[in-house]
Each structure stands twice: as structure tokens, then as C-alpha cells.
Amino acid sequence: MAALLTLGAQTEVQSATGATQEASTKTTAQSVGYSEARALPEAEKLKAQGNCDDVRRNIDALAAAGEETAICVEWGSDPSLPKKENLARVKPKTKSAAVWCADRASDTVYATRTSLCSIRAVTVMVIRIPTGTPVGYAVGAVEQEIETSNSSVEFTEYLNFRLDFASPELVDLTAEVNAVCSIDSSCKQSAGPWEGKPVPVGIGIAIDGTWTRSWTDDTGNKSFLIEYALRFDSHGDEGTARWGGDGQPGDGLYLVRCDNEVGTYAGCIIPAFVPTFVVPTKYNLARQFIGMVQASMATHPGWEGHGEPLTRESNTAEARKNRELVCDDTFIPSSSTPPPVQCDEFPFASTKQSGRQLGVKSGAECQRYNVVKSSDGYISLTWPGLQQGQMPRADAKCARASMTKVDNEGVGGELGRKTVQFRLIEKDPYWVDAGNK
């Protein structure tokens with residue numbers, strides 16, 4: 001039986017750290033899909049931040065310098081503008097190239113494991129000096145979509161700006177956009193849309209372009225926080241909208257991480273998106289076991305909306321120690337489990353939430369489950385006390401089960417493949433979906 005337990009441990013660890021070339025190369029953003037996209041949290045006070053307040057605070061200095069007007073930029077729609085002309089959220093006359101979040105709420109950043117998407121309304125105002133009152137304005141939107149690949153260090157970004165309305169004072173508006181993906185040479189970036197060349201923007205006309213970026217290193221991992229500046233000009237007056245940087249709208253959200261620590265090839269992902277490992281229904285016994293542990297254990301490990309996500313333990317030696325403790329010599333397989341039998345544990349040994357790392361001294365402290373086959377051939381999941389109406393210990397920090405080899409190794413192998421697909425590096429979080437509602 002010891003050999004069987006060791007085999008189960010090796011399956012999960014080897015799958016996670018030495019996944020096949022096919023798993024690395026075939027998984028793309030498209031295979032993940034955008035239906036599972038999540039809105040990233042953003043401070044409400046930052047969403048509408050612009051530089052119009054700065055202009056008004058410096059109105060006396062501008063007047064002393066002889067300025068008659070100034071341009072400023074606000075994110076979102078300015079409520080002080082006439083409602084009948086406040087068109088920042090109105091659909092444009094000309095359709096853009098349709099970022100994948102086009103049908104979702106604006107002023108929000110959405111993410112999958114391999115993509116970021118957002119649409120931000122923007123208002124450009126002409127401020128009269130020295131009164132500080134707006135005498136002209138234009139409204140539009142910035143649409144952007146970042147696409148990464150889990151098997152390539154190159155990632156791209158599509159960016160589009162459209163102008164939906166402009167009062168006569170701003171009909172000659174020009175725009176220029178710049179982005180920075182790294183302050184050092186670790187991120188190589190191509191020339192972007194309109195970069196260094198202000199271009200006229202017209203009502204209902206979408207102006208777009210694409211950046212190509214790549215990680216220039218090949219060791220460890222590197223995160224790239226992308227910052228943006230959209231500069232407007234009219235009759236020599238300039239105003240700039242910034243986002244993505246510290247204290248700006250989208251602060252810290254436009255983040256891409258590249259690494260060569262998982263799988264055969266290096267790749268890049270969106271670390272803000274916490275992926276979900278769905279336990280395959282074909283391994284129904286292990287799925288039931290994990291779901292029961294999540295429901296009965298007070299901490300609800302890995303169960304989204306109820307507990308905290310699991311986090312990866314990438315050190316194979318530590319993962320082996322985790323499994324050996326939970327499945328120590330106090331584990332006795334059930335004679336009713338269809339052979340071959342293995343000790344299955346949850347939370348997984350390759351996580352920081354394994355019982356050993358939570359202070360458990362022996363697997364005897366864990367919840368206990370058994371997969372059993374009755375005389376009529378029915379296979380089910382049981383636990384001590386079930387017949388007496390008792391539930392497993394809620395205060396336990398781990399669980400182990402007398403499990404069929406097919407289910408134990410099947411789930412371990414699938415977790416290894418998903419570890420590569422999601423590019424889960426040390427301490428990366430992920431949820432586990434075992435069918436619980």
C-alpha cells in the first residue's frame with residue numbers, strides 16, 4: 001500500500017511541474033473564454049479623478065501668466081454639464097473594433113486569466129480664466145484590451161479612442177497616447193497608436209492601434225504595471241488624462257506577469273484574476289469527497305464565496321512532506337473501497353493549506369472519509385458517524401479518504417495540467433469547484 005500512496009503523490013507533483021508541451025502550447029485566452037471574466041476591485045474615489053480640480057486650484061497663477069483658457073480632463077461624465085448634451089455613455093455613431101467587454105459596464109476593468117478589458121468615459125473641458133467655469137467640452141471613451149498567452153512572453157494591447165460629442169470650442173481637438181510597461185529594459189514595447197504624433201479626432205470616428213510587448217528576460221518571473229497618458233490639445237492648450245499608475249484611475253489593475261517557472265515554455269497571464277480549478281465530473285468520487293470537505297469544514301477551503309482560495313506550494317519536497325504526514329501510517333484503507341486504493345487528501349498536498357503546513361502533527365487529526373462499494377455494486381462516499389447522523393469534525397484542518405486510484409490520480413493529473421494552464425507559481429491563489437452551490 002505504501003507504493004500506491006507514493007504513486008499518487010508523484011502524479012500530482014510531476015504533472016504540476018513538468019507538464020507536456022501540448023498542454024503549454026494549445027491553451028490560449030480563447031480556450032479560457034470571456035464568460036468567466038470578473039470585474040476587478042477599484043476605489044470609487046479614483047474612477048472620476050482628473051486634473052480639472054488642479055486647474056481650478058491654480059486659476060490665479062494661470063491668470064497672472066496671461067492665460068485666458070485652459071484645458072482639463074475628467075474621467076467619466078461631468079454631472080455639471082447639460083444633461084441633454086452629456087453623451088459620454090452614449091453609443092458612438094461609428095462602431096469600434098469591439099473589445100470583448102463592450103457589452104459590460106464602463107469605468108470598470110474586467111479580467112480573465114489571460115486578458116484585461118475596459119472602457120472608460122472621458123470628458124475634456126475648456127475652462128475660462130479667471131472664472132474657472134467650463135465654456136466648452138468634448139466627451140468620448142477609451143477602449144482597451146490586453147491579450148496574453150500562457151505559452152509566449154509576447155502580449156498585445158488594442159486601444160481605441162472615440163469622440164462622441166464636441167462643442168464648437170473643441171472641434172479642432174487632437175490627441176496623443178503614450179504607455180509605459182516598464183522603467184527598465186525587461187519589457188520591450190513597440191510604438192503604439194498615435195505615440196509621439198498627435199492626430200485630429202473627429203466626432204464618431206474611432207482611432208485605434210495596437211502595442212506589442214514582450215518580456216526580455218528568461219529567468220524567474222516579472223510583473224509589468226502598465227501606465228497610460230492621453231494628451232489632448234486645442235489651440236495650444238493642453239490637458240492630459242492618466243490612468244493605471246499610483247493614485248490614478250485603474251491604479252495597479254493593468255498588470256501582466258510573465259514567468260518561466262511553470263511548464264515547458266515561459267508565458268504571461270493576468271495575476272489579478274483568481275482562476276478556478278473545476279474538479280472533473282468523470283472523477284465523481286473524488287469530486288464528492290472534496291465537495292463534502294468544503295461544505296463541512298469550518299474554513300471551507302477553496303470554496304469561493306465561503307472560504308479563502310487555496311495557494312500553491314511549488315516546492316515538490318514540501319508537497320511530498322505534506323502528503324506523507326496527512327497519509328501517514330495511521331491511515332488504514334477501507335476494505336470496501338474498490339482496489340487499487342490510495343489515500344486521497346484535501347486540501348491538496350501541493351498547497352499552503354495542507355494540514356501539515358497548518359500545524360497538524362498526524363493525519364489522524366484529519367476528517368476521515370471512505371469510498372465504499374456495497375453488495376449490490378453501488379459505490380458511495382461515507383464517513384464515520386454517518387449512520388448515526390453525525391457530520392465530520394468542522395474544526396479539522398485537513399481531510400483524507402480511502403479513494404480509488406483512478407479518481408485520486410485523475411484529479412491530481414488534472415490539477416497539474418491546470419497549474420500549467422493558469423501558470424500558478426509559488427503562493428498563487430485559486431478556487432476549487434467541486435459542484436457545491
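Odds and ends about this structure:
- Tabulated pairs, the range 177-201, first more than 18 Å from S214 (Cα to Cα) and free of Cβ contacts under 8 Å to residues at least 40 places away in the same chain, second of a type in the set (A, V, I, L, M) and in a strand (DSSP E or B), C-beta under 6 angstrom, 6+ apart or interchain: W194/V177
- Residue match in the range 344-354 (condition: of a type in the set (S, T, N, Q), within 30 Å of S152 (Cβ to Cβ) and buried (at least 17 other Cβ atoms within 10 Å of the Cβ)): yes
- Residues that are modelled with pLDDT under 90, under 24 Å from A138 (Cβ atoms) and open to solvent by 40 Å² or more (accessible area, probe 1.4 Å) do not occur anywhere in the range 213-228.
- Selected residue (criterion: modelled with the lowest pLDDT) from residues of the range 178-212 that are charged (D, E, K, R) and under 22 Å from V153 (Cα atoms): D184
- With respect to the stated conditions, S374 is within 24 Å of T281 (Cα to Cα), more than 39 Å from the chain's Cα centre (by Cα) and either surrounded by fewer than 20 Cβ atoms within 10 Å (Cβ to Cβ) or aromatic (F, W, Y) (or both).
- Scanning the range 95-114 for residues that are part of a strand (DSSP E or B) and within 21 Å of R162 (Cβ to Cβ), we see that the one that is least open to solvent (accessible area, probe 1.4 Å) is V109.
- Residue in the range 365-376 that is in a helix (DSSP H, G or I), in contact with a Phe, Trp or Tyr (Cβ under 8 Å, 6 or more places away or on another chain) and modelled with pLDDT of 95 or more present: no
- Residues of the range 230-252 satisfying the condition of being open to solvent by 20 Å² or more (accessible area, probe 1.4 Å) and out of contact with any helix residue (DSSP H, G or I) (no Cβ under 8 Å at 6 or more places or on another chain): R231, D233, H235, G236, D237, E238, T240, R242, D246, G252
- Scanning the range 165-212 for residues that are in a loop (DSSP other than H, G, I, E, B), more than 27 Å from H235 (Cα to Cα) and not hydroxyl-bearing (S, T, Y), we see that the one that is least open to solvent (accessible area, probe 1.4 Å) is C181.
- Count of residues meeting criterion [in contact with a Pro (Cβ under 9 Å, 6 or more places away or on another chain) and over 12 Å from V278 (Cα atoms)] in the range 409-422: 3
- The listed residue being touching a residue at least 40 places away in the same chain (Cβ under 8 Å), not β-branched (V, I, T) and not in a loop (DSSP other than H, G, I, E, B), out of G247, G239: G239
- Here T69 meets the list (1) at pLDDT 50 or above; (2) closer than 30 Å to R104 by Cβ; (3) not aromatic (F, W, Y) almost entirely, failing just condition (2).
The values are calculated or read from the model by the stated rules, or taken from the named source; none is laboratory data. All of these numbers come straight from a predicted model, not from anything done at the bench. Neighbour counts are summed over all protein chains in view; Cβ atoms, including those assigned to glycine, are modelled from backbone coordinates with ideal geometry. Calculation scope for accessible area: heavy atoms of the full protein, side chains included, ligands and nucleic acids excluded. Shrake-Rupley method; radii C 1.70, N 1.55, O 1.52, S 1.80 Å.
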